[in-house]
Amino acid sequence: MADEVPGTRTHHEEASLDQLYRDVIFEHYRRPHNKGVIDGAEIVTKGNNPVCGDRVTIYGKLKDGKLDDVRFEGKACAICMASSSMMTDAVRGKSLAEAGAVADKFKAMMRNEVPFEALPEVPDIEALEGVRKFSVRVKCATLAWTTLKNGIVEYEAGRGGASTEVSCTTE
Ligand code: ZN
């Protein structure tokens, strides 16, 4: 498991931008938002990225059809932890459809399928843009979002409450 954020630039400005992004990622890594377990969560979903060793469990508590509380726990690299932290900020308060759409959009951005843009709920997310250059690490960044989306799909299929395991190796 590597805790460093990859990327060595030769150009000075790009290097300092990388440093800024590294700082943002490490700040989320050291003090992740919404970390912990939710007792009685309707959505409990697990994700696993064996390439890096990242494992996360995501909890979603619903109220009036919206994600009233979203938390995560796990052992993962800095990119995965930071992205999980940002994910919880991005989807809290959203309906399941909205949360699923945000997760899909983020994954599409990380896979270079759509242009990268900061999410209004999580401006910090642009710190992950540089990760797109490292295809192996993209899975670290998308794990929490893939896992959440899978949990939403399972919940809507009537399998809420059950743990679902998703592996990112096929993503
Ligand atoms: Zn990782």
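The values are calculated or read from the model by the stated rules, or taken from the named source; none is laboratory data. What you see is a predicted model, and the numbers here were worked out from it, not measured in a lab. Cβ placement follows ideal geometry from the backbone for every residue including glycine, while neighbour counts extend to all protein chains displayed.
For the stretch 53-78, which positions are on the phi < 0 side of the Ramachandran plot and away from the ligand (no atom under 16 Å from the Cβ)? Quick ask: steps written out before the conclusion?
So in the stretch 53-78, the residues on the phi < 0 side of the Ramachandran plot come out as 54-63, 66-73, 75-78.
Passing the criteria: TYR59, GLY60, LYS61, LEU62, LYS63, LYS66, LEU67, ASP68, ASP69, VAL70, ARG71.
Out of curiosity, is ASN49 touching a Ser or Thr at 6+ places or on another chain (Cβ under 9 Å) and away from the ligand (no atom under 16 Å from the Cβ)? Full working, then the answer.
Numbers: touching a Ser or Thr at 6+ places or on another chain (Cβ under 9 Å): yes; away from the ligand (no atom under 16 Å from the Cβ): no.
No.
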Check: If we scan the stretch 14-21, do we find a residue that is modelled with pLDDT of 95 or more, at negative phi and more than 16 Å from the ligand (Cβ to nearest atom)?
Finding: no
Next item on the list: Would you check if there is a residue in the stretch 26-33 being away from the ligand (no atom under 16 Å from the Cβ), within 21 Å of GLY158 (Cα to Cα) and modelled with pLDDT of 95 or more?
Entry: no
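Of the residues VAL166, VAL131, VAL114, only one is over 12 Å from the mean Cα position of the chain (by Cα), within 16 Å of the ligand (Cβ to nearest atom) and at pLDDT 90 or above; which? Steps first, please.
Working: VAL166 fails: at pLDDT 90 or above; VAL114 fails: within 16 Å of the ligand (Cβ to nearest atom).
Step by step, each of VAL166, VAL131, VAL114 is checked, and only VAL131 is over 12 Å from the mean Cα position of the chain (by Cα), within 16 Å of the ligand (Cβ to nearest atom) and at pLDDT 90 or above.
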Next item on the list: May I ask you to list the residues in the stretch 34-72 that are among the polar types (S, T, N, Q), under 18 Å from GLU154 (Cβ atoms) and surrounded by 22 or more Cβ atoms within 10 Å (Cβ to Cβ)?
Entry: THR45
Next item on the list: For the stretch 59-84, enumerate the residues that are modelled with pLDDT of 95 or more, small (Gly, Ala, Ser) and in contact with a strand residue (DSSP E or B) (Cβ under 7 Å, 6 or more places away or on another chain).
Entry: GLY60, GLY74, ALA76, SER84
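In the stretch 37-102, which strands (runs of 3 or more DSSP E) lie fully inside it and hold 3 or more residues that are under 13 Å from LYS149 (Cα atoms)?
Working: elements: 43-49, 54-63, 66-75.
Output list reads 43-49, 54-63.
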